[in-house]
Amino acid sequence: MTLRPMLKSILYLLASTVMLASCSVAKQVPYFQDIVSDSTLAIMPEPATIRLRPQDKISILVNSRDPQLMTLFNLPVIQRYIGGNVPMGTNNNTLAGYTLDMNGDVDFPVIGKIHLAGMTREEAAEYVKQELISNNLIKDPVVTVEFMNLTISVMGEVNKPGRYNIDKDQITIFDALSMAGDLTIYGLREHVTVMRQVDGEQKIYELNLTSARDVLSSPVFYLQQNDFIYVEPNKMRANQATVNGNSFLSSSFWVSVASLLVSLGVLIFN
């Protein structure tokens, strides 16, 4: 075999390898690869609403036709600072939060200790409302409960890792990843880890985002406060962390391959 046919064979072989590797990487990127167009998934996750836990902080806003009663139950932050020395940046209209103690109770004005752990926002608001009515404190209360320090954390191969506030009663894994700016191209979609504390133990769950059935049937499709999501890097990202980075899937390797292909092309076709 002469030099030119040999070089052509090597060039075609390298080009084929590059194409196969590119296709392999591309298959790792899309979500829901088991979904067929115009199909219906029979699996639907059971809706899970955020429930209050000890150490959660919430605001409880009581509205009434009587403004004096509203002032009694809605203690502003400014009244919590002795001598009127309010820190700069404090909003005078901001309500003080109520932190559930280790027993899941809060100390509410006039009423005293009320147990809110295990309740949803709606259930907690209704419970406070009924306590106000049954104790003849307010006849027409409208009670609103909001989350104040409930968060989830997203780390790893996402565009905006960090801790994010929970501002609604139901939050899914896709809500969390969307807040974090989605996975990067280097995120391993087949291996997303969710850590959750259950009954004093840290439980580990794994999700395969390329499978809609796997995600929808997972107990962590709906998240809870303090959940930790970690997106593992794929081999390409891991190899970039090596000393030379010249592994099969590294970007520097493919730059070298492209340079070689150009050089070979010049030799063959000129």
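The values are calculated or read from the model by the stated rules, or taken from the named source; none is laboratory data. Just so it is clear, the structure is predicted and the values come from calculations on it, not from any experiment. Positions of Cβ are generated from backbone atoms using ideal geometry, with glycine treated the same way; all protein chains shown enter the neighbour counts.
Below, the figures for the structure above:
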item	result
Only listed residue being in the same structural domain as MET195 (by TED's automatic domain parsing) and at pLDDT 85 or above, chosen from ASN159, ASN136	ASN159
Residue check for SER217: closer than 23 Å to MET44 by Cα, modelled with pLDDT under 90 and exposed (fewer than 15 other Cβ atoms within 10 Å of the Cβ)	yes
Yes/no for VAL158 being within 12 Å of ILE229 (Cβ to Cβ) and either β-branched (Val, Ile, Thr) or touching a Leu at 6+ places or on another chain (Cβ under 8 Å) (or both)	yes
Residue that is over 27 Å from ASN165 (Cβ atoms) and at pLDDT 90 or above, where the choices are THR184, THR193, THR210, THR242	THR210
Verdict on VAL128 being surrounded by 14 or more Cβ atoms within 10 Å (Cβ to Cβ), at negative phi, modelled with pLDDT of 95 or more and among the aliphatic types (A, V, I, L, M)	yes
Of residues in the range 180-208 being under 14 Å from GLN225 (Cβ atoms) and surrounded by 13 or more Cβ atoms within 10 Å (Cβ to Cβ), the one farthest from the chain's Cα centre (by Cα)	GLN197
Check on ILE173, of a type in the set (Val, Ile, Thr), on the phi < 0 side of the Ramachandran plot, buried (at least 17 other Cβ atoms within 10 Å of the Cβ) and within 9 Å of the chain's Cα centre (by Cα)	yes
